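What follows is a single structure, written as structure tokens, with notes after it.
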Amino acid sequence: MKTVAILDYGMGNLDSVARAVEECGGNPLVTEDPGSIAKAASIILPGVGAFADGMRELRARGLDSVLSEEAVEKKIPLLGICLGMQLLARKGNEGGETEGLGLIGGEVRRLQPDTPEARIPHIGWNEVELECSCPLFSGIPSNTDFYFVHSYHFYPDRDEAVVARTPYCGRFASCIQRENIFGVQFHPEKSQRPGLTLLRNFLAL
Amino acid sequence: MLKVRIIPTLLFKDFGLVKGVGFDSWRRVGSAMQAVKVYNMREVDELVFLDITATRDGRPPDFATVDEIADECFMPLAVGGGVRSVEDARSLLQVGADKVVLGTAAVESPDLIREVAARFGSQCAVISIDFRRIGPGVRRVFTHCGTTGTDLDPVEFAKQAQRSGAGEILLQSIERDGTMSGYDIETIRAVTDAVSIPVIASGGAGNYEHLAEAVLDGRAAAVAAASIFHFTQQTPREAKEHLGQRGIPVRR
């Protein structure tokens, strides 16, 4: 059984993610210990909350450098979920301009309503439109609905990083990838069957 | 396109699920765990779970029960009842709630909305507004499961909650609750026109067309309902069929 390190940095719905990993046949390890993270087969960076707080909590635990070492140098598969995806960026703007992990080029901006009906936060089920093939979406058709709950979005420097987009306040990047590093704006752990399929695909990497 | 959510509401009281009329006359409707398992299997869009006596009895949320049901819930779960502090909110999120519903505490200490939103993000802070019509054109917010009146107008309170950082409003009509006579569309529309955050309509759904009215006329982003699913043969899945036929985007 593969051990998946779920980073505990005080920001989030860790239990939901751990339960979903377990349901997918993985061995979830909720931890902030660099030694345990280094032994894991893959890493999930979950997160709910504001960008500035998230970075502060990661740095306070030295997890920013652990992530660089594991994901960039050792190429361990890394999945950022929601705030965890946003923290992969160079820069965030929630709670003041803040430097991010810089693992995937881009910055995090607030969603801007494009119609009077568009309400922020973006809460609910919305389509994920695939822009290219990606192992995370194996067996998941384009335009499948996933569950979102967020007010900010990842604005990539380059379109090549974008795996999928979602039509809301324009078409924001809902899945990004750089080699073994992935980010999803939606919550796979709360997206029922398609969500669990995506997590199984991640565990299989 | 963002889908309109259909949300079964589970009311928890003394170890089981109940459903009442006008926030009173509670009837038992089964076990929480069983209901969550069924709704998870049927892939409903989201669940709202409210402990209706926690605040009245001065109890904190029942974290152990929430932990158990959240483990069976691979769908979004909003939990409320008895949340009085940032620490309560943190504990609920830790055991698997995705959103925290603030009711009485949001009225009594508006700073709590600000603190929860700042710490966990606005998307976690659902403000439950229970209201009653007390005279022609006069509506008031009630707390403590509908037992305590306030001077607050629900539309004004919704605006204030949004300013404080609320991410969503759960708008519940006390007199429509359990009557299955239709939502209070006028109040829903007044609130959706006044705020830019999503509003969940609640209280009064008795048939599928009532759900459609809350969306088409009330402009609700989501519709919550309990009696219709507990006491009739109507299901969330068929509700979606109906809404789809009325041109409303739903998840299939």
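Going by accessible surface with a 1.4 Å probe and the largest first, A:Val163, B:Val29 read B:Val29, A:Val163. Beta-bridge orientation, segment A:3-203: approximately 60 percent antiparallel, per DSSP, counting only bridges with both partners inside. Might you work out the accessible area of A:Leu14 for me, using a 1.4 Å probe with all protein chains in place, and round it to the nearest 10 Å²? Roughly 20 Å² of A:Leu14 is accessible to a 1.4 Å probe. Put the Cα centre of segment A:39-110 next to the Cα centre of segment B:161-225 and the gap is 37 Å.
Just checking the listed ones, B:Asp217, B:Asp177, B:Asp98: in the Gaussian network model of chain B with Cα springs under 10 Å, the one fluctuating most is B:Asp217.
Annotation: average projected area of the protein assembly as shown is 19.5 square nanometres, based on the convex hull of Cα atoms across all directions. Placing unit charges on the Cβ atoms of the charged side chains and taking the dipole of the protein assembly as shown about its Cα centre, the candidate lying farthest along the positive direction among B:Ala118, A:Ala40, A:Ile123 is A:Ile123. Rounded to the nearest Hz, the phi-derived 3J(HN,Hα) couplings of segment B:11-19 under the Karplus curve 6.51 cos²θ - 1.76 cosθ + 1.60 (θ = phi - 60°) are 9, 10, 8, 6, 6, x, 8, 9, 8, where x marks glycine and proline. Rolled with a 1.4 Å probe across the full set of protein chains, the surface gives B:Phe231 an accessible area near 70 Å². For B:Lys240, the accessible surface of its heavy atoms amounts to roughly 20 Å² (probe 1.4 Å, protein chains only, rounded to the nearest 10). DSSP assigns beta bridges within chain B; of those with both partners inside it, close to 30 percent run antiparallel. For the protein assembly as shown, the residue among A:Gln192, B:Gln94, A:Val108 whose Cα projects farthest onto the positive side of the dipole built from Cβ charges is A:Gln192. Legend: mean number of C-beta atoms from other chains within 10 angstrom of residue C-beta atoms, peptide A:189-199, equals 3. Along segment A:127-138 the Karplus relation, 6.51 cos²θ - 1.76 cosθ + 1.60 evaluated at θ = phi - 60°, assigns HN-Hα couplings of 6, 10, 9, 6, 9, 7, 7, 8, x, 4, 9, 4 Hz to successive residues, with x for each Gly and Pro. Nonpolar atom fraction for chain B, defined as the carbon and sulfur part of the 1.4 Å probe accessible area, stands at 48 percent. Annotation: amide H-H contacts under 5 Å for A:Tyr155 (H modelled 1.01 Å from N, sequence separation of 5 or more, or interchain): A:Glu107, A:Val108, A:Arg109. Using the Cβ-Cβ distance between A:Glu23 and B:Thr150 with R0 set to 60 Å, the FRET efficiency works out to roughly 0.90.
Beta-bridge orientation, the protein assembly as shown: approximately 45 percent antiparallel, per DSSP, counting only bridges with both partners inside.
Ranked from largest to smallest solvent-accessible area, with a 1.4 Å probe on the protein heavy atoms, A:Val48, B:Val38 come out as B:Val38, A:Val48.
For segment A:3-203, with all protein chains in place and a probe radius of 1.4 Å, 46% of the accessible heavy-atom surface sits on carbon or sulfur. Rounded to the nearest 500, the 222 nm mean residue ellipticity of chain B from helices alone is -9500 deg cm²/dmol, with -39,500 (n - 2.57) taken per DSSP H run of at least 4 residues. Each principal axis of segment B:114-252 carries a Cα extent, and these read 39, 34, 25 Å when sorted largest first. Protein-only accessible surface at a 1.4 angstrom probe places the residues A:Cys175, A:Cys132 in the order A:Cys132, A:Cys175, largest first.
Using helices alone, I'd like the mean residue ellipticity at 222 nm for chain A: each DSSP H run of four-plus residues gives -39500 (n - 2.57), total over residue count, nearest 500. When only DSSP H runs of four or more count, the value is -6000 deg cm²/dmol. When the C-alpha to C-alpha distance is required to be over 21 Å, the pairs from A:Lys39/A:Lys74; A:Lys74/A:Lys190; A:Lys2/A:Lys39 that qualify are A:Lys74/A:Lys190. Comparing Cα centroids, segment B:63-136 and segment A:156-171 end up 31 angstrom apart. With the convex hull of the Cα atoms taken as the outline of segment A:145-193, the averaged projected area works out to 3.9 nm².
Among B:Ile134, B:Ile169, B:Ala224, which residue has its Cα positioned farthest towards the positive end of the charge dipole of chain B, with +1 placed on the Cβ of Lys and Arg, -1 on the Cβ of Asp and Glu, and the dipole taken about the Cα centre? The listed residue farthest towards the positive side: B:Ala224. Of all the C-alpha pairs in chain A, what % are more than 24 Å from each other? Tail of P(r) above 24 Å: 33 percent of Cα pairs.
Residues whose amide H falls under 5 Å from that of B:Leu170, counting only those 5 or more places apart or on a different chain, are B:Ile127, B:Ser128, B:Ile129, B:Ile200, with hydrogens built in the peptide plane. Distance from a point 7 Å along Cα→Cβ of B:Ala64 to each backbone N in segment B:1-25: keep the residues under 18 Å and list them by number. Answer for this model: B:12-17. Remark: relative contact order (chain B) = 19 percent; criterion is Cα-Cα distance under 8 angstrom and separation of 6 or more residues. Label positions at A:Arg158 and B:Glu87, each projected 7 Å from the Cα along the C-beta direction, are separated by 5.0 nm. So which residues in segment A:102-140 end up with at least 40 square angstrom less accessible surface once the other protein chains are there, compared with the chain by itself, probe 1.4 angstrom? Going by heavy-atom accessible area, the residues of segment A:102-140 that drop by at least 40 Å² are A:Arg119, A:Pro121, A:Ile123, A:Trp125. Here the 3J(HN,Hα) profile of segment B:111-128, calculated from phi with Karplus coefficients 6.51, -1.76 and 1.60 at θ = phi - 60°, is 4, 4, 4, 4, 5, 5, 5, 5, 7, 10, x, 4, 4, 7, 9, 9, 9, 8 Hz, Gly and Pro shown as x.
The loop-placed GluC sites (Glu not before Pro) in segment A:16-125, going by DSSP, that have at most 12 neighbouring Cβ atoms within 10 Å of their Cβ come out as A:Glu97, A:Glu117.
The values are calculated or read from the model by the stated rules, or taken from the named source; none is laboratory data. Quick caveat, the model's predicted, so the values are computed rather than measured. Positions of Cβ are generated from backbone atoms using ideal geometry, with glycine treated the same way; all protein chains shown enter the neighbour counts. To get the accessible areas, we keep the full protein, side chains included, count just its heavy atoms, and leave off ligands, DNA and RNA. Shrake-Rupley method; radii C 1.70, N 1.55, O 1.52, S 1.80 Å.
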